[in-house]
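J.: Please find one structure pasted underneath; my questions will follow.
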Amino acid sequence: MSLRAPRFAVDVAVAFQFLTRLPVPRVRFVPDGLARSVKFFPLVGLAIGSGAALLEKLLAPHLGRPASAVVVLLYLVLITGCLHEDGLADVADSLGGRKPEQRLAILRDSRIGTYGAAALVFSLLSRAVLLAGLPLEHLTAYLISAHVLCRWSTLPLSYYLPPARDSEGQGARIASLTSASSLIIGSVFTIVAVMVALRRAAIAPVLSAMAIPLLSSFFYMRKFGGVTGDCFGATNQLTEIAVYLCGVWTP
């Protein structure tokens with residue numbers, strides 16, 4: 001992409017580069033580029049969720065629900081490069097540390113431990129089961145809403161919480177650097193997208209997606225003194241699961 005490209009186009013490209021493995025034009029690195037792109041994270045979620053919904057529609061006539069759910073889940077893992085799964089596993093492993101310094105050191109460790117492996121199994125299994133259990137008539141709406149909302153979860157965390165490390169990792173590049181305008185723009189886009197997709201049924205998923213970052217923020221402040229890139233990934237995974245759960249819940 002040319003350096004003369006509109007600023008919003010550059011920010012969109014950075015958001016897609018960071019969150020996906022999709023081939024997008026490369027843009028020049030700037031220190032605040034990632035923080036500026038955060039407002040477009042829900043847009044990336046819309047693209048990812050729409051792709052998952054399309055894949056499900058193509059598979060539905062030929063595969064049973066469990067098999068198609070596994071293929072959709074594989075697509076979600078591949079298109080993001082396991083970015084969020086890695087964050088969830090690292091945060092789970094860090095529970096073995098007794099002090100914030102120990103937990104942050106565990107987050108940097110590339111090896112996966114027992115807690116991390118268990119968290120990955122929980123995430124993959126629960127998402128597969130929930131995807132297979134979503135009502136067919138609402139599957140597209142919940143897939144899109146889940147991925148818009150789970151990418152949105154980074155905005156409030158990065159706006160309100162400080163980085164757990166002063167100058168290391170992706171968390172330090174957006175934590176406390178997300179602007180109020182980015183939070184507002186991303187939130188308005190998210191609410192509109194979810195309301196269009198789910199209409200009256202949007203209330204529970206939206207409230208769940210607000211509750212998960214709120215609760216996890218208390219956990220991150222207590223355990224790490226702030227947030228890291230892994231924290232964003234973990235909250236992303238939990239929010240996605242919460243939205244699917246809303247879709248299969250029967251009163």
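The values are calculated or read from the model by the stated rules, or taken from the named source; none is laboratory data. None of these values were measured; they are calculated from a predicted model. Don't worry about glycine lacking a Cβ; one is built from the backbone with ideal geometry, like all the others, and counts go over all protein chains shown. These accessible areas exclude ligands, DNA and RNA; they are computed on the full protein's heavy atoms, side chains included. Shrake-Rupley method; radii C 1.70, N 1.55, O 1.52, S 1.80 Å.
J.: Treating cross-link reach as a plain straight distance, find the lysines whose alpha-carbon is under 18 Å from the alpha-carbon of LYS99, omitting any fewer than eight places away in the same chain.
T.: Answer for LYS99, where 18 Å is the Cα cut-off: LYS223, listed by chain and number.
J.: Next question, about the same structure. Can you give me the relative contact order of the chain as a percent, contacts being Cα pairs under 8 Å and 6 or more apart?
T.: 27
J.: With no solvent and one equal point scatterer per Cα, compute the Debye intensity ratio I(q)/I(0) for the stretch 160-244 at 0.11, 0.12, 0.14, 0.24 Å⁻¹ and report its log10, rounded to two decimals.
T.: One equal scatterer on each Cα of the stretch 160-244 leads to -0.34, -0.40, -0.54, -1.21.
J.: Still on this structure: Kindly report the accessible area of the chain per residue (heavy atoms of protein chains, probe 1.4 Å, no ligands, DNA or RNA), in Å².
T.: Heavy-atom SASA per residue in the chain reads 49 Å².
J.: Over the alpha carbons of the stretch 29-161, what is the largest minus smallest coordinate on each principal axis, giving the biggest first in Å?
T.: Computed over the Cα atoms, the extents are 51, 36, 24 Å.
J.: If you don't mind, there's one more thing I want to ask. Let me see the pair-distance distribution of the stretch 83-225: every alpha carbon pair, 5 Å bin width, integer percents in order.
T.: The distribution over the stretch 83-225 is 2, 9, 15, 19, 19, 15, 12, 7, 2, 0, given as percents.
J.: Another one. Among PHE224, SER182, LEU207, which residue has its Cα furthest toward the positive end of the charge dipole of the stretch 134-244, with +1 on Lys/Arg Cβ and -1 on Asp/Glu Cβ?
T.: My answer, from the dipole projection, is LEU207.
J.: The stretch 144-198 to the stretch 201-251: how many Å between their Cα centroids?
T.: Each part's Cα centre sits 12 Å from the other's.
J.: Treating only the Cβ of Lys, Arg, Asp and Glu as charged (+1, +1, -1, -1), what charge dipole size does the stretch 91-248 show about its Cα centre? Round to the nearest 20 debye.
T.: 180
J.: Roughly speaking, to the nearest percent, how much of the stretch 12-151's 1.4 Å accessible area is carbon and sulfur?
T.: 68
J.: Could you list the chymotrypsin sites (Phe, Trp or Tyr not before Pro) in the stretch 142-251 that lie in coil according to DSSP, counting only those with at most 13 other Cβ atoms within 10 Å of their Cβ?
T.: Of the chymotrypsin sites (Phe, Trp or Tyr not before Pro), the ones in loops of the stretch 142-251 whose Cβ has at most 13 other Cβ atoms within 10 Å are TRP249.
J.: Translational diffusion coefficient of the stretch 6-50 at 4 °C, 1.567 mPa s, Stokes-Einstein with Kirkwood Rh over Cα pairs, in µm²/s as a whole number.
T.: Using the Kirkwood radius from Cα pairs, D works out to 124 µm²/s.
J.: I need the semi-axes of the equivalent ellipsoid of the stretch 27-92: take the C-alpha gyration tensor, multiply each eigenvalue by 5, square-root it, list largest first in whole angstrom.
T.: 29, 16, 9
J.: Counting only complete DSSP H runs, which helices of the chain cover 24 Å or more along their long axis at the Cα atoms and score a mean Kyte-Doolittle of 1.6 or above?
T.: 180-198
J.: Restricting attention to the alpha-carbon atoms of the chain, what are Rg (one decimal) and Dmax (integer), both in Å?
T.: 17.6, 53
J.: Additional query: D for the stretch 69-139, whole µm²/s, Stokes-Einstein with Kirkwood Rh over alpha-carbon pairs at 25 °C and 0.890 mPa s: what number?
T.: The diffusion coefficient I find is 184 µm²/s.
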